[in-house]
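Inspection log for the structure reproduced underneath, given as structure tokens.
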Amino acid sequence: MSNAPTHESDVQTPATFSPEAVRSAVRDVYGAIAKKVPAGKTVVGTDGVSPVEAITSALSTSNMAAKDASCCAPTCCEPGDEQPGTATAPPVASAASTGCCPSPSGYTEQLGYSKDELASLPAGADIGLGCGNPQAIAALEPGQVVVDLGSGAGIDCFLAAKKVGAQGRVIGVDMTHAMLDRARSLAASEGVDNVEFRLGEIEHLPIEDVSVDVVISNCVVNLSPDPARVFAEAARVLRPGGRIAIYDVVALQPVPDALRQNIAAIAGCMGQASSVTDIQAYLTAAGLTDVKVEVSEASRKTIAQWMPGSGAEDYVASAAITARKPSLA
Ligand SMILES: C[S@@+](CC[C@H](N)C(=O)[O-])C[C@H]1O[C@@H](n2cnc3c(N)ncnc32)[C@H](O)[C@@H]1O
């Protein structure tokens, strides 16, 4: 098979996993990561740790029990962490890792964040779970209301909060309690009071109609079993003239079954990626205009670190996704 990207929408074999199974796996994985990755560390670093190994570990009790192979095992990270073999055991396991917990240096910068942006964050907000930098495409202004779909530990919310200022407001939405706990405690300890984190699914946003200026998101929509519904929800909450500015993983050609039928690859943002044409269709069907999906070829280098040896970078890449809700006539 040619590895050349086609940007075509293609028929693929149906996924094996039910929407509920995907949601539950995604919650387990990101809940474990939220609890286990210490402040100042990210899931993937520059020392060869693969996120899919982390995810596989979070999903598999037997892997979690493999304490010797575990990177962020309690012995090398924080005392008092949950023991391996529990639902919240260490997410990061890597035979390839040469270090203990991975260093965050480099990974998040690779995604397009500046050193200044990263230095301005509360320690612990960057877990290295994004696939781009939505701030770079969101053109946020003071006073705006921003919603972050799948806000995780809050990296993009905290950066957006600085841009919108005291007159603005940022609402992070996430379905994983441990992520919300982490983000809320950072907001409280740093005294950031123009940010709030709400529990919810991005397919059913806990946000009023027509109340938001910009919807941002970073590496989340691909995790949804129903991306069309996510974009429809984003359109519902936007004010006329409001915008979507998202980074997400997209499929450049049909994703092979080895990734599509692998729950760790799905939870790792590769297995369920929509094609560029499907994303354009979802945004258009949601009533949005000025739809653009700009693939970052450079992101393939980053994605190659996610599941080394799988060739995922031949099939999926990160893309900047932007669209606008038409202004009232
Ligand atoms: C890959 S992480 C990205 C986190 C954050 N955006 C960042 O860049 O660090 C995915 C996050 O989205 C959340 N998530 C995934 N699917 C979701 C859904 N359907 N509804 C709400 N949150 C979801 C997960 O709980 C997790 O915190």
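Give me the extension gain from residue 294 to residue 261: residue separation times 0.36 nm, minus the current Cα-Cα distance, reported in nm with one decimal. Before the final figure, lay out the partial values.
On the way: separation 33, 0.36 × 33 = 11.88 nm, distance 2.65 nm.
Contour length minus the Cα-Cα distance gives 9.2 nm.
Could you tell me the calculated FRET efficiency between residue 208 and residue 328, based on Cβ-Cβ distance and R0 = 25 angstrom, to the nearest 0.05? Show your work: numbers first, answer last.
Working: r = 18 Å, r/R0 = 0.70.
E between residue 208 and residue 328, to the nearest 0.05, is 0.90.
What is the fewest-to-most order of 302, 108 by other Cβ atoms lying within 10 Å of their Cβ?
Ordered by Cβ neighbours within 10 Å, fewest first: 302, 108.
Of 162/301; 35/115; 115/325; 36/292; 41/115; 41/325, which ones are farther than 27 Å apart at the Cα? Spell out each step's value before the answer.
On the way: 162/301 30 Å; 35/115 25 Å; 115/325 32 Å; 36/292 36 Å; 41/115 15 Å; 41/325 37 Å.
In this structure, 162/301; 115/325; 36/292; 41/325 exceed 27 Å between Cα atoms.
Residues with amide H under 5 Å of residue 316's amide H, sequence separation 5 or more or different chain, H placed in the peptide plane at 1.01 Å from N; which?
When sequence neighbours closer than 5 places are left aside, the close amide H contacts are 252.
Residue-wise, which Karplus ³J(HN,Hα) couplings in Hz belong to segment 176-192, taking 6.51 cos²θ - 1.76 cosθ + 1.60, θ = phi - 60°, and x for glycine or proline?
Once θ is set to phi - 60°, the couplings for segment 176-192 become 10, 4, 5, 5, 4, 4, 5, 5, 5, 6, 5, 4, 5, 5, 8, x, 8 Hz.
Can you compute the equivalent ellipsoid semi-axes for segment 204-256, i.e. the square root of 5 times each eigenvalue of the Cα gyration tensor, sorted largest first and rounded to whole Å? Walk me through the numbers on the way to the answer.
Details: eigenvalues 110, 27, 15 Å².
Working from the Cα gyration tensor, I get semi-axes of 23, 12, 9 Å.
Determine how many Å³ per residue the convex hull of the Cα atoms of segment 114-324 encloses.
On the way: hull volume 23.2 nm³, N = 211.
So the per-residue hull volume is 110 Å³.
With each pseudo-label sitting 7 Å past Cα toward Cβ, what's the residue 110-residue 285 distance in nm, one decimal?
Here the modelled spin labels are 3.4 nm apart.
On alpha carbon coordinates alone, what is the Rg over Rh value for segment 157-206, Rh being the Kirkwood radius?
Numbers: Rg = 10.9 Å, Rh = 11.1 Å.
Result: Rg/Rh = 0.98.
Could you put 182, 300 in order, starting from the residue whose Cβ has the fewest other Cβ atoms within 10 Å?
Working: 182 24, 300 18.
Ascending Cβ contact count within 10 Å gives the list 300, 182.
How would segment 106-220 be classified by its alpha-carbon gyration tensor: rounded, prolate or oblate, with rounded meaning a/c under 1.5 and the a/b versus b/c comparison settling the rest? Spell out each step's value before the answer.
On the way: a/c = 1.31, a/b = 1.19, b/c = 1.11.
Since a/c stays below 1.5, the shape of segment 106-220 is classed as rounded.
Counting Lys +1, Arg +1, Asp -1, Glu -1, what net charge surrounds residue 325 among other residues with beta carbon under 11 Å of its beta carbon?
On the way: positive: 236, 239, 243, 324; negative: 213, 290.
Around residue 325, the charge tally is +2.
Every number in this text was worked out from the coordinates using simple rules, so none of it is lab data. Quantities reported herein were computed from a predicted structural model and do not represent experimental measurements. Because the Cβ atoms are built from the backbone with ideal geometry, glycine has one as well, and the counts that use them run over all protein chains shown.
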